[in-house]
Every structure is written in C-alpha cells, then in structure tokens.
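Everything below concerns the one structure shown next.
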Number of protein chains: 2
Amino acid sequence: MNGLGESQNEQAGRPPGARAQGAEDGEAGLAQQAWTLLFELLHTHMRNFPALAAEFDLSPVQAHVLRQLGEGALAMSTLATYLSCDASNVTGLVDRLEARKLVERRSSEQDRRVKMLVLTEAGAELRGRLMARMALPPPFMASMPEEDLLALGDIMRRALKTQ
Amino acid sequence: MNGLGESQNEQAGRPPGARAQGAEDGEAGLAQQAWTLLFELLHTHMRNFPALAAEFDLSPVQAHVLRQLGEGALAMSTLATYLSCDASNVTGLVDRLEARKLVERRSSEQDRRVKMLVLTEAGAELRGRLMARMALPPPFMASMPEEDLLALGDIMRRALKTQ
DNA sequence: CTCAAAGGTTGAGGGTGTCAATTGTTTATG
DNA sequence: CATAAACAATTGACACCCTCAACCTTTGAG
C-alpha cells in the first residue's frame with residue numbers, strides 16, 4: 001500500500017523528515033547511524049535559519065557573509081572561497097550589503113586588483129546582534145540533561161581538534 | 001589592529017567559520033557552548049550539500065523534496081509546510097521535477113482541490129541512491145572513536161524522543 | 001617588454017522565494 | 001438550498017542567489 005492508490009491519509013501530522021534510513025540498527029556502521037540522527041535533528045533546525053536571518057532583514061546568505069566578516073578585512077575572492085561559490089556571485093552579494101551601508105569595499109594598496117571588505121560601524125553592530133541570536137541553542141538542546149551537554153561538548157571539541 | 005588599516009594578511013588560510021563566540025568557557029551556558037560547537041561543525045559540512053545534490057543533477061531544494069517524498073503520496077500544501085515555504089513556490093518546484101519525470105501530480109478523488117505527489121519509478125530509484133549518499137558520514141565523524149559514536153548516538157536518540 | 005595568470009565585474013540564463021490576485025472546490029451558515 | 005467563507009493550487013511580478021563565459025585591469029615571470 002505504498003506506491004500509489006488511496007494513501008490519502010498523509011496530508012498532515014507526520015514529523016517532517018522523519019523516516020530516513022537508520023532504522024535497522026545492527027547493519028549500518030556506527031558513524032552512519034550517528035550521522036543520520038544528527039543530520040535529522042540539525043536539518044529540522046536549519047529550516048528556521050531563513051526566518052532567523054529575516055529577523056535582521058537579512059537573507060540567509062547575507063547572514064553568512066556578515067558572519068565571515070568578523071575580524072579584519074577579507075578579499076572578495078577569499079569570501080567566495082569561504083562561501084564555496086563563484087566570485088561573480090560575491091559581487092552582487094556585496095553590492096547589496098554595501099548599498100545598505102553594512103560593508104565597505106576598499107581597494108588594497110599592495111595589490112590594486114584586490115578589494116578588501118570591511119564591516120562598517122552599523123555592520124559590526126548588526127553582526128554582533130546576529131551572532132548572539134545564532135548562539136541561542138535550539139529547543140532540543142535547551143532541554144538536554146547537563147551530562148549530555150557536557151559529553152556532547154567534549155565530543156565536539158575532540159572532533160574539531162582532529163579534523 | 002582589528003577594525004581597519006593594513007590587516008591585509010587575511011587573504012587565505014584561515015578555517016572558514018572558525019572564530020565564533022564560545023571562546024570564554026566559564027560564562028555561557030552549557031547548551032550554548034555545545035550548540036556553538038555543533039553549529040560550527042555542521043555548518044562546515046553543510047556547505048558541501050549543493051555539490052552532493054549536484055552529483056545527481058539536483059538542486060539542494062530538489063534533493064529535499066525527493067527526501068520528503070519517501071513513502072506514499074503528499075499533498076502539495078503539505079510539502080510546502082515541510083519545506084517551510086510558500087505554496088506558490090512548490091508549484092514551480094514540482095513543475096521542474098515533473099518535467100524530468102521524477103514526480104507525478106495526481107488529483108485526489110476525495111478533494112478535487114488537492115493534488116497528491118507521487119514518485120515515479122525513476123524518481124524512487126534516484127531517491128534511493130540519493131539517500132544512500134546522504135547517509136555517508138562526513139570525515140569528521142568517520143574518524144571518531146567508537147565510544148564517542150556510541151555516546152553521540154545515545155544522546156541524539158534521547159533528544160529526538162524528548163523533542 | 002611580453003604574456004600568462006589572477007581579482008573583480010558584467011551579462012545571460014535559470015532556480016528559489018515572496019506576495020497579491022485568480023480559479024475552482026469544499027464546507028459552514030443562514 | 002443558497003450564499004459566503006475557507007482552502008488548494010496556480011499565475012504574474014519582482015527580487016535574490018548562483019553559474020558560466022567574456023572582459024578589463026593589474027601583477028609577476030621570463
């Protein structure tokens with residue numbers, strides 16, 4: 001009763017991405033199990049990111065740009081690398097942020113091909129609020145027992161080091 | 001030496017999203033610390049998702065749609081809810097998938113306003129390969145000690161239950 | 001000096017997303 | 001029953017994100 005027919009009872013109420021692979025526990029590797037679970041939880045929570053960015057009148061990508069522009073200047077090409085996107089894309093991205101006076105292009109003295117990006121006063125202020133907002137843990141973490149949080153933190157720190 | 005001036009030495013080599021908040025350990029809540037770390041790792045790895053989808057000639061969003069269309073039919077409005085987007089957006093999304101014969105619209109008998117979405121044979125096959133690919137854990141998890149993987153799995157299962 | 005390579009921009013083209021308005025259908029209400 | 005309100009999907013206008021190919025300027029190597 002799966003492929004087609006009268007399976008009309010699916011119109012609502014099912015947890016979004018719920019049914020993935022990892023049901024059979026014995027088979028798949030431990031890493032794959034853990035990854036599938038993690039992906040599930042995170043994906044659910046990443047759906048809110050556009051709304052979060054919108055709280056600051058930013059698109060998701062603009063939020064990422066502000067995030068990267070934390071300390072010091074960044075060449076446009078470097079930003080393109082960080083965003084894993086084409087350089088030509090960054091032009092428009094920065095155009096819009098510059099129009100809103102959140103970011104400034106200033107051409108480098110050493111290499112006049114390069115344009116360095118700097119946050120304006122307003123940009124830095126907005127970034128501060130944005131980062132604080134992003135640091136707020138999602139509900140599923142806020143309601144986690146303390147020991148789990150500690151364990152999770154340890155595991156993640158180890159992973160970051162090894163990476 | 002932070003705001004402006006000759007900090008031109010930033011053109012490359014820094015790990016992308018690295019410098020977030022969570023540096024001061026004592027201060028912020030445990031949940032916030034763990035969340036920031038998790039976000040860091042996950043964000044780094046979510047950047048590859050477009051490339052992953054492209055392996056199957058799919059855009060990221062198309063991949064999500066296929067993911068949701070796993071078992072049984074889904075009304076378009078339901079899909080819009082799962083994707084947290086406007087219904088009008090789903091129309092074009094499905095148009096393109098239908099043009100590629102991965103998905104079919106069939107109008108419901110019970111309620112003739114509704115159109116139910118079903119995977120075609122080819123769509124189901126593609127989805128299978130896609131899901132298998134997505135289940136492959138990223139490097140930072142593949143190289144995790146077994147005990148960490150077990151602990152992580154346990155924590156995530158508990159979180160999913162409580163959620 | 002010459003020329004290849006690199007940084008950034010432009011233009012064409014397509015996917016993603018919103019909002020407002022429209023059509024057709026269902027359901028509730030008088 | 002008739003009519004109005006609510007709902008599912010679509011359309012059109014508009015903006016953003018993204019890629020590719022072509023281009024210009026600057027740099028650095030031979």
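General remarks:
- Exclusive hit being of a type in the set (Ser, Thr, Tyr), at positive phi and within 16 Å of DNA strand C (Cβ to nearest atom), set B:SER84, B:SER108, B:SER77, B:SER88: B:SER84
- Selection of first residues in the range A:105-132 that are away from DNA strand D (no atom under 14 Å from the Cβ) and of second residues that are of a type in the set (Asp, Glu) and assigned to a strand (DSSP E or B), restricted to Cβ pairs under 9 Å at least 6 apart or on distinct chains, gives the following pairs, ordered by first then second residue: A:LEU117/A:GLU104; A:VAL118/A:GLU104; A:LEU119/A:GLU104; A:THR120/A:GLU104; A:GLY123/A:GLU104.
- Taken over the range A:125-163, the criterion of being among the hydrophobic types (A, V, I, L, M, F, W, C) and more than 8 Å from chain B (Cβ to nearest Cβ) is satisfied by A:LEU126, A:LEU130.
- Of all positions in the range B:101-110, none carries a residue that is within 30 Å of A:ALA142 (Cβ to Cβ) and part of a loop (DSSP other than H, G, I, E, B).
- Condition met for B:ALA80 (more than 10 Å from DNA strand D (Cβ to nearest atom), surrounded by 15 or more Cβ atoms within 10 Å (Cβ to Cβ) and under 20 Å from the mean Cα position of the chain (by Cα)): no
- Hits in the range B:53-67 - residues which are away from DNA strand C (no atom under 12 Å from the Cβ) and either among the acidic types (Asp, Glu) or more than 11 Å from the chain's Cα centre (by Cα) (or both): B:GLU55, B:PHE56
- The single condition from (1) assigned to a loop (DSSP other than H, G, I, E, B); (2) of a type in the set (A, V, I, L, M, F, W, C); (3) loosely packed, with under 13 Cβ neighbours inside 10 Å that B:CYS85 fails is (3).
Let's see how each residue does on (1) of a type outside the set (S, T, N, Q); (2) within 19 Å of A:ALA132 (Cβ to Cβ):
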residue: A:GLU71; (1), (2): yes, yes
residue: A:SER77; (1), (2): no, no
residue: A:TYR82; (1), (2): yes, no
residue: A:THR91; (1), (2): no, no
residue: A:ASP95; (1), (2): yes, no
residue: A:ARG105; (1), (2): yes, no
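- Of the listed requirements (1) of a type in the set (Lys, Arg); (2) more than 28 Å from A:CYS85 (Cβ to Cβ); (3) surrounded by 12 or more Cβ atoms within 10 Å (Cβ to Cβ), B:ARG133 misses just one: (2).
- The sole residue among B:GLU71, B:GLU40 that is without any contact (Cβ under 8 Å) to a residue 40 or more places away in the chain, surrounded by fewer than 21 Cβ atoms within 10 Å (Cβ to Cβ), within 8 Å of chain A (Cβ to nearest Cβ) and not in a loop (DSSP other than H, G, I, E, B) is B:GLU40.
- Any hit, the range B:50-65, residues being facing chain A (nearest Cβ under 8 Å), modelled with pLDDT of 85 or more and in contact with a Phe, Trp or Tyr (Cβ under 8 Å, 6 or more places away or on another chain): no
- The single condition from (1) away from DNA strand C (no atom under 16 Å from the Cβ); (2) surrounded by 15 or more Cβ atoms within 10 Å (Cβ to Cβ); (3) aliphatic (A, V, I, L, M); (4) more than 12 Å from chain B (Cβ to nearest Cβ) that A:VAL94 fails is (1).
- Counted residues, the range A:54-68 - those being in contact with a Leu (Cβ under 8 Å, 6 or more places away or on another chain) and either part of a helix (DSSP H, G or I) or at positive phi (or both): 8
The values are calculated or read from the model by the stated rules, or taken from the named source; none is laboratory data. Just so it is clear, the structure is predicted and the values come from calculations on it, not from any experiment. Quick reminder, even Gly has a Cβ in these numbers, built from the backbone with ideal geometry, and neighbours come from all protein chains shown.
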